[in-house]
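**Student:** If you scroll down you'll find the structure; I have some questions about it.
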2 protein chains.
Amino acid sequence: MCSRTAGTKTLPAGIAPKLVTADWREVVSHPDIDIVAELVGGTGAAREIVEGAIAAGKCVVTANKELIALEGVNIWRQAEAQGVALAMEASVCGGIPIHAVLREGIAGDHIETIFGILNGTSNYILTEIEQNGADFGGVLKEAQRLGYAEADPTADVDGYDARSKLALLASLAFGVRLTPADIYTEGIRRISPTDFQYAKQLGCTIKLLCSARRAEGGLFISVRPALLPTKTIMASVQGAYNAVWSRGAFGADTFYYGRGAGPTPTGVAVVSDLMRVARQLRPEPAHRVPPFAYTELPDAAPLPIGKQRRPWYLRFRITDRPGIIRDLSSILAEHSISIDAVLQLPDLDKQNLPFVITLENSPEAAVRSAVEKMTALDFMVEPPLAMPIERGV
Amino acid sequence: MCSRTAGTKTLPAGIAPKLVTADWREVVSHPDIDIVAELVGGTGAAREIVEGAIAAGKCVVTANKELIALEGVNIWRQAEAQGVALAMEASVCGGIPIHAVLREGIAGDHIETIFGILNGTSNYILTEIEQNGADFGGVLKEAQRLGYAEADPTADVDGYDARSKLALLASLAFGVRLTPADIYTEGIRRISPTDFQYAKQLGCTIKLLCSARRAEGGLFISVRPALLPTKTIMASVQGAYNAVWSRGAFGADTFYYGRGAGPTPTGVAVVSDLMRVARQLRPEPAHRVPPFAYTELPDAAPLPIGKQRRPWYLRFRITDRPGIIRDLSSILAEHSISIDAVLQLPDLDKQNLPFVITLENSPEAAVRSAVEKMTALDFMVEPPLAMPIERGV
């Protein structure tokens, strides 16, 4: 419940006005409310709301990174004393369910190292410097104009935002409590297009990398620009996305990727927390999260695959002779299928010539029928191979 | 508990022999046992064990993909009737906590599409065909020799293994129950090095892609080789790794990656399930999974970052004159730091010349001290920029 929208025109349809209040104390003290979601942000009113709700015996879901990084352990202890649940999936990497992963999914592992790209703004700026060869100042100005960077960009480009997130992730991964200010932190202001040129010569790109690794006696932990090999999956994280890489002593490497923030990814994290906490409020086994996620699992038959429309790759092996493209394109035209491109690699065996036709978005049934007809053609060495092209992944 | 090791020399140290039995019925009927982990595999004895344990009022953790794909919903209903928990994180994508993600982490989203690379053997074979230009038959034979493919490779290379996993993921993502045999399935036997050459011309690679997407009236679902743009994160999944891509109506794109199988990743999934189920056995709030994953969170100071050893990138801007490398390399030698390479891009401004020295693995304190000394040199236009090189991500 967020009191900010009270009395404004942004109240969504279907929410009865009597459910809305501008006074958070009404929510926190209401006897019918079991769970309070705090989406106010900051450490002022938000802290009062969270602590007030816990004191009133209510479970709390929060998306508040600053509050959790600063006071998370104290707040958790208050919740524990009251026997209420505290959930905070949205507080770091909004779009990636990294809390669920570290808290439960790989709880049985012994994590050795985590790497993260945890600040979308700085990652976007680095991506722009790399791709457009523009300098830091120009890219920052453009990012500010587009609303990707704030008027005061310090928290993002100097690594302070990433540092708070890393402190939180390190708590989840290693079971220790770190003061964000103790983490070695260096921003991206000095990274130039030249650095990307040199990095490329070394087979690398540059990212604002958060890292924490176990060593004898503790953790090495830092936020700083670093070179990463271009062929690694971490290097492929572009623009406003976040990612976390974990290396465990037993489970080896796992990797998690998604939007770092934004209203709807954060909303998913908050609603997911609400669902989990609501189930925890009832101790009966029937209220556990079911193993298949849903409480009902109706039988379903897939849709007929022939109706699926995709762009297609058709690869032929033929004995070359004049008129091949004419024959194949006639069959495609009969099936109302449009050709996108015809490709032929140089210097191939004319007796067993592989070449390719790509098709525009077409229903699978039509493509199959055309392929079947093509298979009977005299120049065909083997049946054509048809594969969909998935550009949207 | 696995009865297979009973009486053999593989019993790990620290396990008292009286805890070991060759008769699973002893485990399932033992009054002191609350949770039974079934790691036998198959649908024969494994099914008897799982159903027997549930009937005896015990919670079950299973890593059994076949059993869950075939009988998962029935088994879940039995567990529900008995009020016991069923957990099966290891049953699909052993090294990726995809159950925790879909069941809880992004439970609040409405998933539109999932893509998966769910069979490590076929992905390894495709990676080898692409990288070495060898044909399918040769790569398969080599994979069999190395133990990466089974003597009968059908389940892997013809897509049947991936199909069972996709049916399970679709249940978790979309809340429906699918018969694996109803899923359109096509293997990789026909994919040749030529196809990778053509795919490359199209900016793509080829993967055995599992996909399920909502459409009007149901799901389009298939396992088949498909072209994916090389620049996508899914295309970067190499060798024996698995990956799942999810696109939600609200949370946008998320991506999960890790080992598909193997004893230790599967072990992590099973132990994580045991931890979660054990907590569920006690309804008191104090037994909930704590929000920071650990029950104690001691304060910790990071290790001094100066002691961390990394390979380094040093970028200089200088006014060119003879003796530069001599001066810089002298300072590095004084600090016992070894040079890896010296790089200089062509055609740069001699008055503001950026060039790079990379260093072998060296302690950060030594590098900083050297950089500080270098900053004072007369030809230095600005202080050197030092970044670590992270080859291990």
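Every number here is computed from the coordinates shown, using simple stated rules; none is lab data. Computed from a predicted model, the values in this text were never measured in an experiment. Don't worry about glycine lacking a Cβ; one is built from the backbone with ideal geometry, like all the others, and counts go over all protein chains shown.
**Student:** For chain B, modelled as a Gaussian network with Cα springs under 10 Å, which listed residue fluctuates most, B:Pro383, B:Pro180, B:Pro225?
**Tutor:** In this elastic network of chain B, the residue with the biggest mean-square fluctuation among B:Pro383, B:Pro180, B:Pro225 is B:Pro383.
**Student:** Here is a follow-up. Taking R0 as 60 Å, what FRET efficiency do you get between B:Ala278 and A:Thr154 from their Cβ-Cβ distance, rounded to the nearest 0.05?
**Tutor:** About 0.85, to the nearest 0.05.
**Student:** Placing a label point 7 Å from Cα toward Cβ, how far apart in nm is B:Glu186 from its equivalents in the other copies, listed shortest first to one decimal?
**Tutor:** In ascending order, 5.1 nm.
**Student:** Also, I was wondering about something else. So what's the net charge close to B:Ile324: Lys and Arg +1, Asp and Glu -1, counting the other residues with Cβ under 14 Å from its Cβ?
**Tutor:** Details: positive: B:Arg315, B:Arg317, B:Arg321, B:Arg326, B:Lys350; negative: B:Asp320, B:Asp327, B:Asp378.
Here the charged neighbours net out to +2.
**Student:** Another question about this same structure. Show which lysines lie in cross-link reach of B:Lys18 when reach means a straight Cα distance below 24 angstrom and same-chain residues fewer than eight apart are skipped.
**Tutor:** The qualifying lysines are B:Lys9, B:Lys58.
**Student:** With an 8 Å Cα cut-off and a minimum separation of 6 or more residues, compute the relative contact order for the stretch A:33-186 in percent. Can you show the working numbers first?
**Tutor:** On the way: 177 pairs, mean separation 29.0, N = 154.
In percent, rounded to a whole number, it is 19.
**Student:** Classify chain A from the C-alpha gyration tensor, please: rounded if a/c falls under 1.5, else prolate or oblate depending on whether a/b exceeds b/c.
**Tutor:** On the way: a/c = 2.30, a/b = 1.64, b/c = 1.40.
The shape class here is prolate.
**Student:** Same structure, new question: Once the other residues with Cβ under 11 Å from the Cβ of B:Thr113 are scored (Lys, Arg +1; Asp, Glu -1), what is the net sum?
**Tutor:** Numbers: positive: B:Arg213, B:Arg214, B:Arg247; negative: A:Glu390, B:Glu112, B:Asp253.
So the surrounding residues net to 0.
**Student:** With the Cα gyration tensor of the stretch A:305-388 giving a ≥ b ≥ c as the square roots of its eigenvalues, does the rule (a/c under 1.5 for rounded; else a/b larger than b/c for prolate; else oblate) give rounded, prolate or oblate? Present the calculation step by step, with values, prior to reporting the outcome.
**Tutor:** Working: a/c = 1.93, a/b = 1.66, b/c = 1.16.
It is prolate, given that a/c is not under 1.5 and a/b is the larger ratio.
**Student:** With the label 7 angstrom out along Cα to Cβ, how close does B:Arg25 come to the same site in each of the other copies, in nm, nearest first?
**Tutor:** 6.8
**Student:** A follow-up question, please. Please find, in a Gaussian network model of chain B (springs between Cα atoms separated by less than 10 Å), the residue of B:Ala278, B:Ala16, B:Ala53 whose mean-square fluctuation is greatest.
**Tutor:** B:Ala16
**Student:** Exposed loop GluC sites (Glu not before Pro) only (DSSP loop, at most 10 other Cβ atoms within 10 Å): please give the longest stretch of chain B free of them, not including the sites. Mind showing how you got there, number by number?
**Tutor:** Working: sites that count: B:Glu216, B:Glu296.
In short, B:1-215.
**Student:** Relative to the first principal axis of the alpha-carbon coordinates of chain A, what is the inclination of helix A:324-334, with its axis defined by its Cα atoms, in degrees from 0 to 90 and to the nearest 10?
**Tutor:** Tilt relative to chain A: about 60 degrees.
**Student:** Turning to a different aspect of this structure: Give me the distance between the Cα centres of the stretch A:230-245 and the stretch B:306-330, rounded to whole Å.
**Tutor:** 29 Å
**Student:** Where along chain B is the Cβ that lies nearest the axis linking it to chain A, and how many Å separate them?
**Tutor:** Taking the axis that maps B onto A, the answer comes out as B:Pro283, 2.
**Student:** Only residues of the stretch B:258-287 count here: report those whose backbone N is under 16 Å from the spot 7 Å along Cα→Cβ of A:His110, or say none.
**Tutor:** B:264-265, B:267-269, B:271-272
**Student:** Where in the stretch A:125-146 is the amide nitrogen less than 13 Å from a point lying 7 Å along the Cα-to-Cβ axis of B:Leu345?
**Tutor:** Inside the label zone: A:129-136.
**Student:** Next question, about the same structure. Could you give the size of the charge dipole of the stretch B:214-358 about its Cα centre, using +1 on the Cβ of each K and R and -1 on the Cβ of each D and E, expressed in debye and rounded to the nearest 20?
**Tutor:** Numbers: 17 positive and 12 negative charges, 54 e Å.
Approximately 260 debye in magnitude.
**Student:** Same structure, new question: Hey, fewest Cβ within 10 Å first, where do A:Phe220, B:Phe379 land in order? List each step's numbers first, then the result.
**Tutor:** On the way: A:Phe220 20, B:Phe379 16.
The order, fewest Cβ neighbours first, is B:Phe379, A:Phe220.
**Student:** Fewest first, what order do A:Arg276, B:Arg25 take by the number of other Cβ atoms within 10 Å?
**Tutor:** Ranking A:Arg276, B:Arg25 by Cβ neighbours within 10 Å, fewest first, gives B:Arg25, A:Arg276.
**Student:** Can you list, shortest first in nanometers, how far A:Gln351 lies from the same residue in the other copies, with each label 7 Å from Cα toward Cβ?
**Tutor:** 6.8
**Student:** Could you work out [θ]222 nm for the protein assembly as shown from helices alone, using -39500 (n - 2.57) per DSSP H run of at least four and dividing by all its residues? Round to the nearest 500 deg cm²/dmol. Working shown, then result.
**Tutor:** On the way: 22 runs with 255 residues, N = 786.
Result for the protein assembly as shown, helices only: -10000 deg cm²/dmol.
**Student:** Please arrange B:Phe255, B:Phe136 by counting, for each residue, the other beta carbons lying within 10 Å of its beta carbon, fewest first. Mind showing how you got there, number by number?
**Tutor:** Numbers: B:Phe255 25, B:Phe136 19.
By the 10 Å Cβ count, ascending, the order reads B:Phe136, B:Phe255.
**Student:** Label point 7 Å out from A:Gln197 along Cα-to-Cβ: which residues of the stretch B:336-353 have amide N under 18 Å?
**Tutor:** B:342-353
**Student:** Continuing with the same structure: Helix B:65-82: angle to the longest alpha-carbon principal axis of chain B, degrees 0 to 90, nearest 10?
**Tutor:** Compared with the principal axis, the helix lies near 60 degrees.
**Student:** Roughly how many whole Å is it from the C-alpha centroid of the stretch A:99-121 to that of the stretch A:158-201?
**Tutor:** Cα centres, the stretch A:99-121 to the stretch A:158-201: 15 Å.
**Student:** Antiparallel as a % of all DSSP beta bridges within the protein assembly as shown, to the nearest 5?
**Tutor:** Numbers: 101 of 121 bridges.
Taking every DSSP beta bridge with both residues in the protein assembly as shown, the antiparallel ones total about 85 percent.
**Student:** Around B:Ala249, with a cut-off of 14 angstrom between Cβ atoms, what is the net charge of the other residues, counting Lys and Arg +1 and Asp and Glu -1?
**Tutor:** Numbers: positive: A:Arg259, B:Arg213, B:Arg214, B:Arg247; negative: B:Asp109, B:Glu112, B:Asp253.
Around B:Ala249, the surrounding residues sum to +1.
**Student:** Moving on to the next point. Pick from A:Gly137, A:Gly14, A:Gly175 the residue whose mean-square fluctuation is largest in a GNM of chain A, springs joining Cα atoms under 10 Å.
**Tutor:** Comparing A:Gly137, A:Gly14, A:Gly175 in a Gaussian network model of chain A, the most mobile one is A:Gly14.
**Student:** Does anyone have the angle between helix A:136-146 and the longest principal axis of chain A? Alpha-carbon axes, 0 to 90°, nearest 10?
**Tutor:** 80 degrees
**Student:** Remind me, relative contact order of chain A in percent, using alpha carbon pairs under 8 angstrom and six or more residues apart? Mind dumping the intermediate values first?
**Tutor:** On the way: 665 pairs, mean separation 55.5, N = 393.
Answer for chain A is 14 percent.
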